[in-house]
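Working notes, beginning with the structure itself.
The values are calculated or read from the model by the stated rules, or taken from the named source; none is laboratory data. Note that the structure is a prediction, hence the values are computed from the model and not measured. Virtual Cβ from ideal backbone geometry, glycine too; neighbours counted across all protein chains shown. What goes into the accessible areas is simple: the full protein's heavy atoms, side chains included, and nothing from ligands, DNA or RNA. Shrake-Rupley method; radii C 1.70, N 1.55, O 1.52, S 1.80 Å.
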Amino acid sequence: MNRYRTHTCGELSFKNEGEQVRLSGWIHRKRNHGNLLFVDLRDHYGITQCVLDCDNDNFDLLSNTSLESVVTIEGKVVVRAGKTVNEKLSTGQIELQVLKAEVLSTAAQLPFSILSDNSDLSEEARLTYRFLDLRREKLHQNILLRNNVISFLRKKMWSLGFNEFQTPILTASSPEGARDFLVPSRVHPGKFFALPQAPQQFKQLLMVSGFDKYFQIAPCFRDEDSRADRTPGEFYQLDVEMSYVEQEDVLNTVEPVILSLFEEFKEEGKTVCASPCPRITYRDAMKIYGTDKPDLRNPLLIEDVTEIFKTAGFSIYEENTKNQMWVRGIKVPGLAEKSRSFFEKLGEFVKKEGFSPLTYLTFLENGEIKGSLSKSLKEDAVSALISKMEIKENDGLVFVSGKGEKAEKIMGALRMLLGKEMNLIDESRYEFCWIVDFPMFELNEETGKVEFSHNPFSMPQGEMEALETKDPLDIYAYQYDMVCNGYEICSGAIRNHRDDIMFKAFEIAGYGHDVVEKKFGGMLHAFKFGAPPHGGCAYGIDRLVMILANESYIREVIVFPFNQQAQDLMMDAPAEVTEAQLKELHIKVDIKEKDKK
RNA sequence: GGGGGUGUAGCUCAGUUUGGUUAGAGCGACGGCCUGUCACGCCGUAGGUCGAGGGUUCGAGCCCCUUCACUCCCGCCA
């Protein structure tokens, strides 16, 4: 007999009646009736009720042992009678009559209860005592879900003929992109490694090496500030790369993997959108949804009504249209019921971002038209709006005028705000789409310079000819994102495998031959020796699990996450190191007084 | 780098509006009673640098200033 257990705490049923068994676990909860004691024993697998009365030699021991202490209990499996069955417990048909108990490890007073749900606890306490937080049901299940997701993805990728490789963690710093985490070299004074922001160049080199199909559950390191859906420091990607493929080949390979993942792990009662999921161009997404990661559960659409407002009689917008600004509107069913203060709130929201004024029309059931524009629009303009927007009773229209991406994003935020306020978002669906045709370059409005808008390794559509003949801002890249319920879950591209096109693209972004050679020499050099056309993508594993777990915060699916300030409160990292360590690394710290903490 | 929110017992929070006796509750801890509970019940006890520092005041948890921590957002995230 194993010293600690013959069964787990989730295992026993009426089938084990009469057996003498041994369980080990944490004391989850006790109910002490004075002369009768119930102990709920918990392990990873479940909870089993153990019972003993005051005649039992172990009564005092178990009565006095604190919650969350680890004990071994030996006892006899007894089937519970009638009313005493607990339907809520998988082992609720039986209980263990205690014969012998041993305390393996006593728990000190807990900083928080393992029993309560985690919604009402400070992040600081949860992260400092993460090992206790992880004992709690919800977080424990989230982390298991993560394990299952990763297992599913690995099996799926292997079955599709992809090979998994590990790429270096200590590598070279790269220009562009996020800030790097640097690691000093002891052997090479004054030189630094960087932790990879993604295994981008390595996976491309694996294609050049002839492995054809690669994937990796890859750690990625980016020194950027956190968000609810973005952990600072490090995260994991399902990193994928394939040779001899065009854009559609990549999309058609990975899309079924992800849709089947969601079919497998979706929450009960939820539906996954059908394959193939929609492909939306970046330009359309910005125009219709006001974002490059549209939440398609929201039925509201942004419509262009610039033409109508050119002659509608509302002078502010008329002026705007003469200055290349658009007027866009959102039709919202049921909006006519909303109070004036609701629209004022919307107006404030837009105004805060520097766009003003927000205007609106509501169409009451009695045919009356109200709203801030009801008096100022010409009659034929109103009819034009009614017919273009297919207005029905109780509908409302809100309008904003502006230009450029920033204004488009305001429309997008307004669309989501209205969707939420009007309860239009169908929480029971997972809606996916691909965003395609991202611009290769964009204009930095501060510097006036042309920059890469996304991945500099992407192949421009039209290849060399486009780079040589077109306005850089009109060139699209073979670059695509996959979006689920408003979260960007994947980003990828067909790569530029030609060194001549690469030099040209970097030249347009202001990088000279020498800089490109120095920074991407490894990969460029490889392209000189026969590089297959290739492309791929990378899914954010943490984010996928977060969506599947129906969590709003990415920390809820990471075992040992950083806090918002990128610190590990449990391990107390980052921390100062000894002078000797610094000396060996040829490093002198130079901290300004105001930056000291 | 910027903006918002929060900080009171081990945990979750009330008290801050309008400054005024000894800062409260629930859970947890500890002690007592209780033989069928499963969020067991009942009685009692202990537990506080009101995040920290300074100021105003006869008097500050509450008002003012500074600062720290946590969190959400913007910037940033090829």
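The table below lists the values:
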{"item": "DSSP-assigned coil residues among chymotrypsin sites (Phe, Trp or Tyr not before Pro) in the stretch A:238-312, each with at most 13 further Cβ atoms within 10 Å", "result": "A:Tyr244"}
{"item": "Simple spin-label estimate for A:Tyr45 and A:Thr281 in nanometres, 7 Å along Cα-Cβ", "result": "5.8 nm"}
{"item": "Whole-percent carbon and sulfur share, accessible surface of the stretch A:425-507, 1.4 Å", "result": "41 percent"}
{"item": "The stretch A:1-70: trypsin sites (Lys or Arg not before Pro) in DSSP loop, at most 14 other beta carbons within 10 Å", "result": "A:Arg3"}
{"item": "Charge dipole (debye, nearest 20) of the stretch A:1-127; +1 at Cβ of Lys and Arg, -1 at Cβ of Asp and Glu", "result": "280 debye"}
{"item": "Modelled FRET efficiency - R0 45 Å, A:Ile386 with A:Glu427, Cβ distances, 0.05 increments", "result": "0.90"}
{"item": "Acute angle (nearest 10 degrees) that the helix A:499-508 long axis makes with the longest principal axis of chain A, alpha-carbon atoms", "result": "70 degrees"}
{"item": "Count, lysine Cα pairs under 22 Å in the stretch A:144-251, 8 or more residues apart or across chains", "result": "5"}
{"item": "Per residue value of the accessible surface for chain A (all protein chains in place, 1.4 Å probe), Å²", "result": "51 Å²"}
{"item": "Cα long-axis angle, helix A:404-421 against chain A (0 to 90 degrees, to the nearest 10)", "result": "50 degrees"}
{"item": "Extended-chain gain in nm, criterion 0.36 nm per residue less alpha-carbon gap, A:Phe265 and A:Gln324", "result": "16.5 nm"}
{"item": "Percentage relative contact order, chain A, counting C-alpha pairs under 8 Å, at least six apart", "result": "14 percent"}
{"item": "Cβ-defined net charge surrounding A:Gly412, 12 Å radius [Lys, Arg +1; Asp, Glu -1]", "result": "+1"}
{"item": "Point-charge dipole on Cβ atoms (K/R +1, D/E -1) for the stretch A:123-174, about Cα centre, debye to 20", "result": "220 debye"}
{"item": "Estimated dipole of chain A in Debye, rounded to 20 [Cβ of Lys and Arg +1, of Asp and Glu -1, Cα centre]", "result": "820 debye"}
{"item": "Accessible surface of the stretch A:116-191, 1.4 Å probe, proportion on carbon and sulfur as whole %", "result": "56 percent"}
{"item": "Gained length - A:Lys345 relative to A:Ala125, 0.36 nm times residue gap less alpha-carbon distance", "result": "75.6 nm"}
{"item": "Taking the stretch A:447-580 and dividing mean pair separation by its residue count, relative contact order in percent (alpha carbons under 8 Å, at least six apart)", "result": "20 percent"}
{"item": "Segment A:Phe165-A:Leu473, extension gain: residue separation times 0.36 nm, minus the distance between their alpha carbons", "result": "107.2 nm"}
{"item": "Helix A:137-159 axis, angle to chain A major axis (alpha carbon atoms, nearest 10°)", "result": "60 degrees"}
{"item": "Relative contact order (%) - the stretch A:174-271, alpha-carbon pairs under 8 angstrom, separation at least six", "result": "21 percent"}
{"item": "22 Å Cα-Cα threshold exceeded, pairs from A:Lys293/A:Lys449; A:Lys378/A:Lys420; A:Lys449/A:Lys470", "result": "A:Lys293/A:Lys449; A:Lys378/A:Lys420"}
{"item": "Carbon + sulfur, % of accessible area of the stretch A:508-594 - ligands and nucleic acids excluded, 1.4 Å", "result": "54 percent"}
{"item": "Net charge of neighbours whose Cβ lies under 13 Å from the Cβ of A:Glu390, counting Lys and Arg as +1 and Asp and Glu as -1", "result": "0"}
{"item": "Estimated 222 nm signal from helices in chain A, with DSSP H stretches of n ≥ 4 weighted -39500 (n - 2.57), rounded to 500", "result": "-8500 deg cm²/dmol"}
{"item": "Percent breakdown of C-alpha pair distances by 10 Å bin, ordered from the shortest bin, for chain A", "result": "3, 13, 18, 20, 19, 14, 9, 4, 1, 0"}
